[in-house]
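Encoded as structure tokens, the structure appears first; notes follow it.
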Ligand SMILES: Nc1nc2c(c(=O)[nH]1)N[C@H]1C(S)=C(S)[C@@H](COP(=O)(O)OP(=O)(O)OC[C@H]3O[C@@H](n4cnc5c(=O)[nH]c(N)nc54)[C@H](O)[C@@H]3O)O[C@H]1N2
Ligand SMILES: Nc1nc2c(c(=O)[nH]1)N[C@H]1C(S)=C(S)[C@@H](COP(=O)(O)OP(=O)(O)OC[C@H]3O[C@@H](n4cnc5c(=O)[nH]c(N)nc54)[C@H](O)[C@@H]3O)O[C@H]1N2
Ligand SMILES: [Mo]
């Protein structure tokens, strides 16, 4: 038998996967060749879903301990449910509301079935949600200021570009299906420019690689705009008819000095001239912005500056041109758009720093963690651990005993993609796809829908009027209830069953974003001057704002990019993984100066943390940058809470400037 699945990890591709099942066992997974973006190719992690599903360390049953200083013991589901419901009932009886019940959820599984938990919280008439999308909200907010909405063309359109500029992204590692599309463009004669402080796998493919100083992209983009103006290479039709505020923007950036390019960005005049001539002569330019670029204190402003460059040249809304970061089209199902008006939303950055102040008179007494591994992925995990110890009842829904699960009271095992129905949308391509259930749940694991529905049912029997969560007979029925007219119209389907039977549905709207050049602003024009940004305390125009720089005491940037064979903190067991222990990459010249030998254990430290790890000496990074892949258990102990400039308006908290972390090293 064959079943259709979709990878729900927080990744661009949301790959369609086919499982080949024999005797109730998956013997093989392959990519679905009919998917218009992923076209049958899976990454190492996609293939490893099978290994992950039956990995010896996967949770088989619920575990509990009342006292976090003690060890866990297995517990039955019946007892686990009783504990959860009795805690909820007593919280309600004590306070008369559920604000002491908190949700801490992120991106471990982006399938809409998992939003059942958000749905449950929203049905309780007011709970607490810890808000913030630390990795992405900066850029999302940035792209709302000038165009009013975050849109992008079908990524396959990039193959029609004459010039592709990748700013702070490493798709050869993080978005592998984009590479064949880029190659197609190159085969047609296009040039590829990669702008990144680190010489990455993607940079290896470039015609022009620009190694700029971290967090200075905005200055480069502003200078390129000035150059287009000086060379009379702007799209004046776009500027005059479809935009406003260009004069103010131009006035601001005219105060900058071209000579500072070397000082600020570390870019030579020659490299700049080469890039600007490519930009002037190309017919259609695609700018691909990776999330890496916005993980700085001025990251949002840098994203705005790049979009402004695309606008000035008239690339927004053209075939082969445009800006590619991500889109919001997939946020279309009912439980992705819940009305949370009654909830108390806490800013995650403030909460991690000082929960007592954030929680005020209603401290969180029971915390529900799902699809999130904050002790590995969030900043300042040392403090988060303290909060988890303080909160009397912490429940974590997981597939593995992660560091976060280990810091909880109750750990509930949940089903994998092969053991539940689901629907997965993408933040990048234009497809939505149905995930079929191929196998029975692994040991005692249960889907989040089943867990939440059982709890809601029981809670309703104790407190009949305080939980409005809708009870459905099956996962399938719950999923069907998330459809609406907008979905049917946008994806050309008539019923949920139709998506189930066709497997993949493509958005039928225009493939080119902003083709009509009607922006989502009050006047319909693209705004080089945003009063909204000004109102939020930001520069009104996309002008470069200086970022943070290393200090004498901590002279290295610590860049913690995403790993080729893991997905954030997942897949660390992967047999392909050659660096099971985290290691720090260091420029050969620096190693030589400090007498560090390749492979030697060294200490990496700052005011917040100190880690000992293996050093790898290499030539692809500048002398004042160290590189450690994110996703390892301890790495984020070095990451302080430095906020980016944007994100709160979109996600409830500003992004985290993960890459504005400064450290020092010593030999042991
Ligand atoms: N230093 C540093 N830190 C970073 C970043 C960085 O660049 N550098 N990047 C940031 C970014 S961009 C992101 S998106 C975040 C990601 O942060 P998270 O979303 O927390 O990371 P994940 O490891 O993808 O997923 C969390 C957990 O979800 C679990 N999980 C998987 N499937 C399911 C499921 O079906 N149900 C439930 N309940 N759990 C499931 C996984 O086992 C995993 O332990 O990390 C951020 N952290
Ligand atoms: N294999 C794999 N794929 C993934 C993930 C994964 O964990 N593993 N995670 C997924 C998720 S959640 C996300 S958000 C994306 C992340 O996708 P990417 O953005 O592609 O990855 P990052 O590792 O965050 O950073 C990319 C690059 O940004 C560069 N960079 C840092 N600062 C700057 C700067 O100031 N300017 C410029 N120009 N470049 C800079 C870094 O050197 C790095 O090479 O990938 C997704 N895909
Ligand atoms: Mo992310």
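Please specify each residue of the stretch 264-296 satisfying the condition of being within 16 Å of ligand 1 (Cβ to nearest atom), over 13 Å from residue 194 (Cβ atoms) and either touching a helix residue (DSSP H, G or I) at 6+ places or on another chain (Cβ under 6 Å) or in a loop (DSSP other than H, G, I, E, B) (or both).
Result: 294, 295, 296.
Name the strands (runs of 3 or more DSSP E) wholly within the stretch 552-612 that hold at least 2 residues that are at pLDDT 95 or above, within 15 Å of ligand 1 (Cβ to nearest atom) and closer than 29 Å to residue 167 by Cβ?
Because the criterion is at least 2 residues that are at pLDDT 95 or above, within 15 Å of ligand 1 (Cβ to nearest atom) and closer than 29 Å to residue 167 by Cβ, the strands (runs of 3 or more DSSP E) in the stretch 552-612 that meet it are 556-559, 583-587.
More than 30 Å from residue 399 (Cβ to Cβ) and either surrounded by fewer than 20 Cβ atoms within 10 Å (Cβ to Cβ) or out of contact with any strand residue (DSSP E or B) (no Cβ under 9 Å at 6 or more places or on another chain) (or both): is that true of residue 440 in this structure?
It is false that residue 440 is more than 30 Å from residue 399 (Cβ to Cβ) and either surrounded by fewer than 20 Cβ atoms within 10 Å (Cβ to Cβ) or out of contact with any strand residue (DSSP E or B) (no Cβ under 9 Å at 6 or more places or on another chain) (or both).
With (1) assigned to a loop (DSSP other than H, G, I, E, B); (2) crowded, with 19+ Cβ neighbours inside 10 Å as the list, and residue 18 as the residue in question, which single condition is left unmet?
Just one mismatch for residue 18, condition (1).
Could you check the stretch 165-191 and list, in sequence order, the residues that are under 23 Å from residue 659 (Cβ atoms), outside any helix (DSSP H, G or I) and away from ligand 1 (no atom under 16 Å from the Cβ)?
Matches in the stretch 165-191: 165, 166, 176.
Would you confirm, using the coordinates I've provided, whether residue 113 is within 25 Å of residue 571 (Cβ to Cβ), in contact (Cβ under 8 Å) with a residue 12 or more places away in the chain, in contact with a strand residue (DSSP E or B) (Cβ under 9 Å, 6 or more places away or on another chain) and away from ligand 3 (no atom under 16 Å from the Cβ)?
Here the answer is yes, as residue 113 does meet what is asked.
Among the residues in the stretch 637-646, are any more than 16 Å from ligand 1 (Cβ to nearest atom) and touching a helix residue (DSSP H, G or I) at 6+ places or on another chain (Cβ under 8 Å)?
So the first thing to find is which residues in the stretch 637-646 are more than 16 Å from ligand 1 (Cβ to nearest atom), and the list is 645.
Then keep just the ones that are touching a helix residue (DSSP H, G or I) at 6+ places or on another chain (Cβ under 8 Å); that gives 645.
Scanning the stretch 637-646 turns up at least one residue that is more than 16 Å from ligand 1 (Cβ to nearest atom) and touching a helix residue (DSSP H, G or I) at 6+ places or on another chain (Cβ under 8 Å).
Suppose we keep only residues that are crowded, with 22+ Cβ neighbours inside 10 Å and more than 17 Å from the chain's Cα centre (by Cα) within the stretch 628-638. Which one would you say is farthest from residue 404 (Cα to Cα)?
Residue satisfying both the conditions and the ranking: 628.
What residue, of 139, 135, is within 16 Å of ligand 1 (Cβ to nearest atom), modelled with pLDDT under 95 and under 19 Å from the mean Cα position of the chain (by Cα)? Walk me through it before giving the result.
Numbers: 139 fails: modelled with pLDDT under 95.
Result: 135 is the single residue among 139, 135 that is within 16 Å of ligand 1 (Cβ to nearest atom), modelled with pLDDT under 95 and under 19 Å from the mean Cα position of the chain (by Cα).
Output yes when any residue across the stretch 84-104 is within 16 Å of ligand 2 (Cβ to nearest atom) and surrounded by 22 or more Cβ atoms within 10 Å (Cβ to Cβ), and no when none is.
Scanning the stretch 84-104 turns up no residue that is within 16 Å of ligand 2 (Cβ to nearest atom) and surrounded by 22 or more Cβ atoms within 10 Å (Cβ to Cβ).
Among (1) within 16 Å of ligand 3 (Cβ to nearest atom); (2) surrounded by fewer than 21 Cβ atoms within 10 Å (Cβ to Cβ); (3) farther than 25 Å from residue 36 by Cα, there is one condition residue 199 misses while meeting the rest; what is its number?
Failed condition: (1).
State yes or no: is residue 517 within 30 Å of residue 632 (Cα to Cα), in a loop (DSSP other than H, G, I, E, B) and modelled with pLDDT of 95 or more?
No, not satisfied.
Out of the residues in the stretch 526-561 that are within 15 Å of residue 639 (Cα to Cα) and surrounded by 21 or more Cβ atoms within 10 Å (Cβ to Cβ), state the one that is farthest from ligand 2 (Cβ to nearest atom).
556
The values are calculated or read from the model by the stated rules, or taken from the named source; none is laboratory data. Model, not experiment: these values are computed from the prediction. Quick reminder, even Gly has a Cβ in these numbers, built from the backbone with ideal geometry, and neighbours come from all protein chains shown.
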